[in-house]
Amino acid sequence: MSEVDISIRSYSTDPTPKPHTVYHVQIRLPLRSYTVSKRFSDFLKLASDMEDTIGESIPFKLPRRQLFGNSVTNTELIEERRGVLEKFLRDLQKSSDQRWRLSDPWRDFIGLSATGRASQGSSLLSSSSTNASLVMPSGKNISDPVVWLDTLHEVKTLLHEARKYLSDRDMLSGTGSVNKNGVLESHSAAAEAKKCLVQSGTKVVMLDRGLKELATSVGQGELRRRGDMLNLVKKEREGLESLASTISRNTDALNSTASESPDRAALFAGNKGVLGSVASSAKRVLGPLTETSETRQLDNRGLLNLQMQKMQNQEDSLLEFSKILARQKQLGIDINDELELQNEMLRMLEDDVENSDGKLRRADRQLKKIK
C-alpha cells in the first residue's frame, strides 16, 4: 500500500433512487490509476466499519451530516465536504498507524482486492531447517492481472525494507547497543529483515501460482514479461537470504572470538603463576622462516595476540567489503527498477501509438470512400 496517492478532484449528482451527491475518488498507484465513486454515507460507513474492526475510535476528522436542508443544491457545502473528505482519506493513507490502511474496510473502499495480501502473523519459517519452508494457505492464488502487479510491487517494497534492515544489522553488529526491550539492536534488525523475507516469500509463492492462471487473461508476450519480472524478484530475494545468513555467521564468529579472549588470557595468566619468571621470559624457537621486525621482540603470548589482531582486522575488512558490495547491488537493483518502470511506460506508449495508428487508418479508408 505504499506510494498510493488519493485525491477527490470532482463530484456529480446522481438522480437515482433520489438525488444525491457522488464524490469521485481518484487513486493513483505506481502502475495504474482508477476512480471510485462514493457518496457521503459511504465515508461514514467506512469510518464505522474501521472502528468496529480496529476496536478504537478513528482519529481523523469527517464532516458532519446535515440534518435539515437539501445538500444536493448547496454547492458551498459540497465543496467544503469535498476538501474535508479528501483530507480524511489522505490522513488515513499517510498515518503512521498502519492498522487503519491495512484493514479490510479500507481496502474494500478504495477498490483493492484482499486477495493480494499474504496472511499476517502466521508462522511460515521452519526453525529446524537452514532454508525457509513456506506454508501456503489454500485458495490464495492471484488470478487478477492488476492485483498481480500490485502484489509484485509489494514484494519489491518488502525486499527493499529487508535490505535496509540488513544494512542496519551490519552497521550495528559488534556495537553492543540495546533497544528499550533489552534486545540487541543488531538482533532486532536481523529479525525484522527475516520477517520481511518470509512475507515476501509467501507473496512470491502466490505470484508464481497466479502466473499460471493468468495465461487465459493476458497475452503470451505479457505473460513472459511478468515471468521475467518474477524471476528477477526471486533472484533478489535469494541473494538477500544468502546475505542475511552470511552476516549472521560472521557475527557469530566475531562473538566467539571475543568470548574466547578472556579465557585465553586467564590461561596464560595461570601458566605465568605456575612457571613464574620462566614462562614470562620464554622465547620462541624460530624455524626456517625469516623473522620480521614486527614479531622479533614478541614471545609466544605476544605472537598469539598479534595473530588475533590480524584476524580481527581481516574480519573488519571483509565486513566493509560486504557493505560496499551491498551498496553496489542496491544501485544495480534501483537501476533495474527504473528500467522496468521505463519499459512499462514505453509499452503503454506503444499501445497508444498502435491505437492512434488504427484510428488514422480507419479515417484514411473513410476519406477514400468519400472521394
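For the stretch 5-98, rounded, prolate or oblate, judged on the Cα gyration tensor with a ≥ b ≥ c (square roots of eigenvalues), a/c < 1.5 rounded, else prolate if a/b > b/c? Here the stretch 5-98 falls in the oblate category.
Ranked by the mean number of other Cβ atoms within 10 Å per residue, highest first, peptides 188-201, 331-344, 223-236 order as 188-201, 223-236, 331-344. Compared with the direct C-alpha span, the chain from ARG362 to ASN336 gains 5.5 nm at full extension, assuming 0.36 nm per residue. A cut-off under 14 angstrom between Cβ atoms defines the neighbours of GLU350, and their net charge, with Lys, Arg +1 and Asp, Glu -1, is -4. Length available on full extension from LYS45 to GLU320: 0.36 nm per residue minus the Cα-Cα distance, which gives 93.6 nm. Other residues lying with their Cβ under 12 Å from the Cβ of SER167 contribute a combined charge of +2, Lys and Arg counting +1, Asp and Glu -1. As a rough guide to protection, the peptides 77-88, 299-310, 11-22, 155-166 ranked by mean Cβ packing within 10 Å, highest first, stand as 155-166, 77-88, 299-310, 11-22.
Read-outs: derived from the displayed coordinates by stated rules, not from any lab. Please read these numbers as outputs of a predicted model, since none were measured by experiment. We place every Cβ from the backbone using ideal geometry, glycine too, and count neighbours over all the protein chains shown.
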